[in-house]
1. Go through (1) under 15 Å from A169 (Cβ atoms); (2) modelled with pLDDT under 95 one by one and return the number of the condition E132 breaks.
2. Of all residues in region 135-145, how many are part of a helix (DSSP H, G or I) and either free of Cβ contacts under 8 Å to residues at least 24 places away in the same chain or in contact with an Asp or Glu (Cβ under 7 Å, 6 or more places away or on another chain) (or both)?
3. Would you confirm, using the coordinates I've provided, whether A153 is farther than 29 Å from E112 by Cβ, surrounded by fewer than 18 Cβ atoms within 10 Å (Cβ to Cβ) and not polar (S, T, N, Q)?
4. Exactly one condition in (1) within 29 Å of R6 (Cα to Cα); (2) exposed (fewer than 14 other Cβ atoms within 10 Å of the Cβ) is not met by Y48; state its number.
5. Can you pull out every residue in region 112-132 that is loosely packed, with under 12 Cβ neighbours inside 10 Å and more than 21 Å from F69 (Cβ to Cβ)?
6. Quick one: in region 19-40, which of the residues that are surrounded by 10 or more Cβ atoms within 10 Å (Cβ to Cβ) and among the aliphatic types (A, V, I, L, M) is modelled with the highest pLDDT?
7. If F148 satisfies every condition in (1) out of contact with any Asp or Glu (no Cβ under 8 Å at 6 or more places or on another chain); (2) surrounded by fewer than 16 Cβ atoms within 10 Å (Cβ to Cβ) but one, which is the exception?
8. Checking the conditions here, which among V68, V97, V119, V83 is free of Cβ contacts under 8 Å to residues at least 24 places away in the same chain and of a type in the set (V, I, T)?
Amino acid sequence: MRSTNRDIRLFGLNNVALESDLRKIESTHEVHLGHTPAGAPEMDETYYPQFDAAIRAEAASMATHYRVFYCLENSIRSLISEVLCEKHGEDWLTDVVPQNVRDHAEKTRQKEVESGISVRSEEPLDYTTFGELGEIIKVNWESFSDIFRNIKALEKVISTLNTLRGPIAHCKPLAEDEVVRLHLALRDWFRSMS
């Protein structure tokens, strides 16, 4: 069953990558290929047009990288939750996740609660950073060794992805070489799986 779920996640992520490429072709050639739903929500036309056209174009090109990373990061969270719950039971979070990771997640959640905004999630794992997700896997390597081929290779891939995540998460453009590196790192991520 778990390999079926993993295959479904891989299929979904591959589709996200294909959609990203289609959007890039649409943007580059200023064509609409009809792959987006007819009822897709429009950008907020009250404020969006007031931003400089170059910034809007940069945002459009970066959006594809954000979507891919969004899918990757959340699929890793799902994988961790699924594997650790299966192998360690319902209390896996308190039993096998390092205390410093749990403390940081709780502190982040509490800041959101105190800010008065809607909290992002009721799941503590949703408050972990990308780097912390890698730490959870490394600390629980015996639970993940049937999914990933080699811990050193996985550490390298996660480190590269975490570095590339910075500009994406902090609204800065990726250099052309880094876009290539992101695609290679994503390929390495999938290759690292058994």
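1. Against the list (1) under 15 Å from A169 (Cβ atoms); (2) modelled with pLDDT under 95, E132 comes up short only on (2).
2. First, the residues of region 135-145 that are part of a helix (DSSP H, G or I): 135-139, 141-144.
After this cut, where a residue has to be either free of Cβ contacts under 8 Å to residues at least 24 places away in the same chain or in contact with an Asp or Glu (Cβ under 7 Å, 6 or more places away or on another chain) (or both) as well, the list is 138, 141-142.
Of the residues in region 135-145, 3 are part of a helix (DSSP H, G or I) and either free of Cβ contacts under 8 Å to residues at least 24 places away in the same chain or in contact with an Asp or Glu (Cβ under 7 Å, 6 or more places away or on another chain) (or both).
3. Values: farther than 29 Å from E112 by Cβ: yes; surrounded by fewer than 18 Cβ atoms within 10 Å (Cβ to Cβ): yes; not polar (S, T, N, Q): yes.
Spelling it out, A153 is indeed farther than 29 Å from E112 by Cβ, surrounded by fewer than 18 Cβ atoms within 10 Å (Cβ to Cβ) and not polar (S, T, N, Q).
4. Going through (1) within 29 Å of R6 (Cα to Cα); (2) exposed (fewer than 14 other Cβ atoms within 10 Å of the Cβ) one by one, Y48 breaks only (1).
5. V113, E114, S115, G116, I117, S118, E122
6. Going residue by residue through region 19-40, those that are surrounded by 10 or more Cβ atoms within 10 Å (Cβ to Cβ) are 19-27, 33, 35-36.
Narrowing the set further to residues that are among the aliphatic types (A, V, I, L, M) leaves 22, 25, 33.
Numbers: L22: 75, I25: 79, L33: 75.
So the residue we want is I25.
7. (2)
8. Details: V68 fails: free of Cβ contacts under 8 Å to residues at least 24 places away in the same chain; V97 fails: free of Cβ contacts under 8 Å to residues at least 24 places away in the same chain; V83 fails: free of Cβ contacts under 8 Å to residues at least 24 places away in the same chain.
None of the others qualify; the one that does is V119.
The values are calculated or read from the model by the stated rules, or taken from the named source; none is laboratory data. A quick note: this is a predicted structure, and the numbers were derived from the prediction, not measured. FYI the Cβ positions are ideal-geometry reconstructions off the backbone, even for glycines, and counts take in every protein chain you see.
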